[in-house]
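What follows draws every value from the coordinates through simple rules; no lab data is involved. Predicted model only: the values in this text are computed from it and were never measured. As a convention, Cβ positions derive from the backbone with ideal geometry for all residues, glycine included, and neighbour counts pool all protein chains shown.
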Amino acid sequence: MKFIIIGIAGMPGVKKSKVAEILSSYGMRNFSLSSVLKEELAIKGVQQTPENIASVASKMRKKYGASAVAKKLMDKIKISEDDILVIDGIRNTEEVNYLKKLCSSFILLCVHSSPLTRLKMAMNAKSDLKTLREIEKQDEYNLNLGIGEVIAKADYVIINEDYIGMTLEEQVHRFINFLESKKIKIPKK
């Protein structure tokens with residue numbers, strides 16, 4: 001098949017899902033790896049806390065391999081040849097490699113913010129993350145999964161910091177221009 005996947009990676013709280021939402025406004029189909037984990041918890045009747053999500057992810061990866069969450073998500077998606085899929089929440093290189101094998105073109109987008117900026121955004125959003133130590137603990141968990149290597153291999157990076165002087169929407173628009181420069185046909189907005 002000749003469809004395209006845009007994988008989004010980044011530490012917790014950088015607004016990956018907001019970037020995915022903006023991309024969906026360009027006609028791309030938006031999916032989240034965490035939706036697979038939340039569905040698993042719902043089936044088991046377990047509360048959807050960050051700890052429980054991490055636990056079910058760890059068990060799936062241990063039992064079925066590091067790309068298990070991505071495989072389970074992709075098994076559920078009906079894909080047509082001209083689709084551009086946005087997959088939010090990539091955590092390791094095995095997920096990247098698995099997704100690359102499925103499509104004609106894979107673009108890895110990283111969204112980055114400093115820990116202090118993520119704390120500020122979390123406090124404004126009434127997130128579960130309430131302290132810098134909690135953010136650092138989640139970062140440590142994600143780095144152990146291999147997200148650092150994923151981020152290092154990004155094809156494009158969006159910096160979600162006030163000092164950049166651009167909104168996320170403006171940065172996503174620049175990313176769209178980047179995709180078009182790669183001859184990727186973007187659906188009409």
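Which pairs, out of K15/K182; K63/K101; K62/K185, put more than 30 Å between their alpha-carbon atoms? Exceeds cut-off: K62/K185.
Stretching D75 away from E140 to a fully extended chain increases their span by 20.5 nm, per 0.36 nm per residue minus the current alpha-carbon distance.
The smallest convex shape that holds all Cα atoms of segment 112-189, its convex hull, gives 130 Å³ per residue. Per-residue ellipticity at 222 nm from helix content only, as computed over the chain with -39500 (n - 2.57) for each DSSP H run of at least four residues, stands at -16000 deg cm²/dmol. Debye calculation, C-alpha points only, no solvent: report log10 I(q)/I(0) for segment 1-160 at q = 0.10 Å⁻¹, in the same order as the q values. Treating every Cα as an identical point scatterer, log10 I(q)/I(0) equals -0.35. Listed by Cβ neighbour count within 10 Å, with the fewest neighbours leading, Y141, Y64 appear as Y64, Y141.
Distances between placed amide hydrogens fall under 5 Å for S32 paired with D88, all partners being 5 or more residues away or on another chain.
Result for the chain in a Gaussian network model with C-alpha springs under 10 Å: among S34, S55, S113, the largest mean-square fluctuation is at S55.
A straight Cα-to-Cα reach below 19 Å connects K18 with the lysines K38, K120, K126, K189, residues fewer than 8 places away in its own chain not being considered.
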